[in-house]
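The values are calculated or read from the model by the stated rules, or taken from the named source; none is laboratory data. Please read these numbers as outputs of a predicted model, since none were measured by experiment. Here Cβ is always computed from backbone atoms with ideal geometry, including for glycine, and neighbour counts include all displayed protein chains. All accessible areas refer to the heavy atoms of the entire protein, side chains included, with ligands and DNA or RNA removed. Shrake-Rupley method; radii C 1.70, N 1.55, O 1.52, S 1.80 Å.
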Amino acid sequence: ERLSWGATILRHGDPQIRGGQWVIEPLLMGRHLRRVIPELMNGTEVVIARNPLYAFATATARPEVLMVYIMPSLASREVAANLYGAGIKARAYRRLKVWQYHYLERIAVQRARWVVTFSEIRKRETVDAYRIPEARVRVIPPGVPQAEPHGRVAARPGLAAYLASRR
């Protein structure tokens, strides 16, 4: 789908997961995307990925394409925090799923041209977890302006008017 300002949205189906395959769903999805992405990306020069599975698929299927991976957090830690259950099966599944996301994201991070995080703390976690050079990780804080020493917000085009309207 071509957007009016020039970007393209690529759509695809999901893989069929049968029976006990659900325990390796992240690996199956990564494999599926790795097959689908080359066909969808004809003529693509740059990919900005925000999902570890898409970043993995782009990095492995089309390594010649410049990829920037935006990481709000480490995927494996987010998966671990969002999977609940105290039973032995739940704990085993959580460990397996965390390992899968760590594996896929490690490949994506190591092959990305640049990795973007939202804070210095996330940058340090990423460098430590995936053993990549700090120079390949950029910190771009989310859109919160920095205050000057006397509480005034640094001037940006349009920002002063927006903040004035919010008071």
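Return a whole-number percent for the relative contact order of region 97-139, with Cα pairs under 8 Å and 6 or more residues apart as the contact set.
Working: 32 pairs, mean separation 17.5, N = 43.
Relative contact order for region 97-139 comes out at 41 percent.
Any idea what the dipole of region 47-127 comes to, in debye rounded to 20, about its Cα centre with Lys/Arg Cβ at +1 and Asp/Glu Cβ at -1?
It comes to approximately 260 debye.
How many percent of the alpha carbon pairs in region 1-150 exceed a separation of 22 Å?
Numbers: 5377 of 11175 pairs.
Roughly 48 percent, rounded to a whole number.
In Å, what Kirkwood hydrodynamic radius results for region 36-118 from the alpha-carbon pair distances?
Working: mean 1/r = 0.0738 Å⁻¹.
The answer is 13.5 Å.
Between Ile121 and Leu10, take the C-beta separation as r, use R0 = 25 Å, and let me know the FRET efficiency to the nearest 0.05.
Working: r = 32 Å, r/R0 = 1.30.
After rounding to 0.05, the efficiency reads 0.15.
Hey, what did region 69-128 get for relative contact order, percent, Cα under 8 Å, at least 6 apart? Display every interim value, and only then the final one.
Numbers: 44 pairs, mean separation 31.2, N = 60.
The value is 52 percent.
In region 3-47, carbon and sulfur make up what percent of the accessible area (probe 1.4 Å)?
Details: 1650 of 3160 Å².
On region 3-47, the fraction of accessible area on carbon and sulfur atoms equals 52 percent.
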